[in-house]
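A.B. asks: Take a look at the following structure, please.
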Amino acid sequence: MVPPLGGQGVNIKKIRADFPILSTEMNGKPLIFLDRGASSQKPNQVIEAMDEYYKTTHANVHRGVYNLSQRATDQFEAARKTMQRFINAKHDHEVIFTRGTTEGINLVANSFGRKYLKEGDEVLISAMEHHSNIVPWQMACEVAGANLKVIPINDLGELNMTAFAEMVNEKTKIIAVMHVSNSLGTINPIKEITAFARKRGIPVLVDGAQATPHIKIDVQELDADFYVFSAHKMYGPTGMGLLYGKEELLNAMPPYHGGGEMIETCSFEKTTYNVLPFKFEAGTPDIAGAIGMAAAVDYIEEIGHEAIAQHEYDLLTYGTEKLKAIDSLQIIGKANNKASVISFLIDGAHPYDVGAILDKLGIAVRTGHHCTQPLMDLLNIPGTVRASFGVYNTREDVDVLVAGVARAARMLT
Ligand code: C6P
């Protein structure tokens, strides 16, 4: 595991006080929320920003001449600027608001696929992908008569980069890989992948759903052609996300959804399309969602990426060592470069049974295949128990988890 650089530590007491849900109880026990990977909890700053918007500013955006609509538009577009800064996109019109990672990938698979995928072409994904980065490509390949190719992983749960290099060829039209694995915690070498692809003129889509809460993202430095993520995994609202795409690519791609806002002119005979980003934002957007996502970014930036990374790295190493001490426990995903996700199995116990016992103790973990069924099939396991940490988790949370897992192991094996 590679420790993050620097970091001043986090004021955990203050952070925990920001999240009202963390002081509630579950099954008569204090809630220990270890499922940030599925969705993070929300701080007051995000809840209040959205609440304030609805109470004082709401009107539809880009439509009204009246003052209130203009104010809503200004806040919505200010949120886009915040997101541009967050990922260091060159232009704000490269920031497309979506409903989340899933919609972002579907947009690219559909639009890029329609324009560029032809019979016999290849789309390269990896063996650890989430269903969201598998199924849209399968659908696009089916339409085009193209083939989906899968980069294998090694025993640690890392991409096999030798195999990757061998698999890229003149038929490869796009590479779509996750930045951080939701099931294994692996941080993939995106820069290495984009550098290799760039030399061959192949665009790369990066699924950043699990990366943005942990890692400072600089899409220009990563040289990602597309980068997608969801607000709800990074302390923002559900139903909101972002697709970043390089201007040139987005301009060349056809629209995904048709409707209001995305047109320049519309007649029964012919429609011409709006400029970026509106070409890809048909219909009334989730205005409060964009404002909430920007508030989540402000929240993350106020604490600081390095401080968050260092705090979560501490939880990862502390938790891994403690859990490893349980005899019947097997960690799934041992990459050298890992984010704060610990997947594990107890010999002889089904993940659901472990999860159900932990739930009785007030501990929320995710169990199952984590929407990476092909990966679970490859590993020949039914799924895992997964603890994923956020900025609000503590070593005490980890201690409660470890005691609960030890108890589950005694009961079930
Ligand atoms: N993973 C998990 O528990 P949406 O649902 O669109 O916000 O995100 C989908 C998605 C895409 N890629 C990765 C790497 C993800 O982890 C997820 C969501 C959750 O692991 C729910 S399945």
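The values are calculated or read from the model by the stated rules, or taken from the named source; none is laboratory data. This is a predicted model, so every value here is computed, not measured. Cβ sites come from the backbone with ideal geometry, for glycine too, and all protein chains shown count toward neighbours. Surface accessibility is based on the protein's heavy atoms, side chains included, excluding ligands, DNA and RNA. Shrake-Rupley method; radii C 1.70, N 1.55, O 1.52, S 1.80 Å.
A.B. asks: The range 365-399: which trypsin sites (Lys or Arg not before Pro) are DSSP loop and have at most 10 other beta-carbon atoms within 10 angstrom?
C.D. replies: In loop regions of the range 365-399 (DSSP not H, G, I, E or B), there are no sparsely surrounded trypsin sites (Lys or Arg not before Pro).
A.B. asks: Please state the shape class of the range 350-413: rounded when a/c is under 1.5, otherwise prolate if a/b exceeds b/c and oblate if not, all from the C-alpha gyration tensor.
C.D. replies: It comes out oblate by the Cα gyration axes.
A.B. asks: Taking a ≥ b ≥ c as the square roots of the eigenvalues of the Cα gyration tensor of the range 290-333, is the shape rounded (a/c under 1.5), prolate (a/b larger than b/c) or oblate?
C.D. replies: Prolate shape, in that a/c is at least 1.5 and a/b is the bigger ratio.
A.B. asks: Measure off, as a whole percent, the carbon and sulfur share of the 1.4 Å-probe accessible area of the range 13-115, all protein chains present.
C.D. replies: 53
A.B. asks: Loop-only check: which chymotrypsin sites (Phe, Trp or Tyr not before Pro) in the range 1-100 are DSSP coil with at most 10 other Cβ within 10 angstrom?
C.D. replies: Hits after loop and neighbour filter: Tyr66.
A.B. asks: I've got another one for you. Averaging sequence separations of C-alpha pairs under 8 Å and six or more residues apart, then dividing by the length of the range 47-301, give the relative contact order as a whole percent.
C.D. replies: The normalised contact order for the range 47-301 reaches 24 percent.
A.B. asks: Name the longest site-free stretch of the chain, where the excluded sites are GluC sites (Glu not before Pro) in a DSSP loop with no more than 16 other beta-carbon atoms within 10 Å.
C.D. replies: In the chain, the maximal stretch lacking such sites is 270-413.
A.B. asks: Calculate, for the chain, the solvent-accessible area per residue in square angstrom, rolling a 1.4 angstrom probe over the heavy atoms of the protein chains.
C.D. replies: For the chain, the solvent-accessible area averages 42 Å² per residue.
A.B. asks: Looking at the chain from every direction and averaging, what is the projected area of its Cα convex hull in nm²?
C.D. replies: 20.9
A.B. asks: Right, something else. Only four residue types carry charge here, +1 at the Cβ of Lys and Arg and -1 at the Cβ of Asp and Glu. Report the dipole size of the range 47-301 about the Cα centre in Debye, rounded to the nearest 20.
C.D. replies: Rounded to the nearest 20 debye, it is 340 debye.
A.B. asks: Rounded to whole Å, give me the distance from the Cα center of the range 343-413 to that of the range 45-83.
C.D. replies: 40
A.B. asks: Can you pull out the trypsin sites (Lys or Arg not before Pro) in the range 269-324 that DSSP calls coil and that have at most 10 other Cβ atoms within 10 Å?
C.D. replies: Lys270
A.B. asks: Reachable lysines from Lys233, Cα under 22 Å, same-chain residues fewer than 8 places away excluded?
C.D. replies: Lys13, Lys14, Lys42, Lys81, Lys216, Lys338
A.B. asks: Sticking with this structure for a sec: Output the antiparallel fraction of DSSP beta bridges having both residues in the chain, as a percent to the nearest 5.
C.D. replies: Here the antiparallel bridges make up roughly 60 percent for the chain.
A.B. asks: Relative to the longest principal axis of the chain, what angle (0 to 90°, nearest 10) does the C-alpha long axis of helix 305-324 take?
C.D. replies: Result, in degrees: 40.
A.B. asks: Suppose only helical runs count, i.e. DSSP H with n ≥ 4. What mean residue ellipticity at 222 nm does that imply for the chain under -39500 (n - 2.57) per run, divided by all residues and rounded to the nearest 500 deg cm²/dmol?
C.D. replies: -12500 deg cm²/dmol
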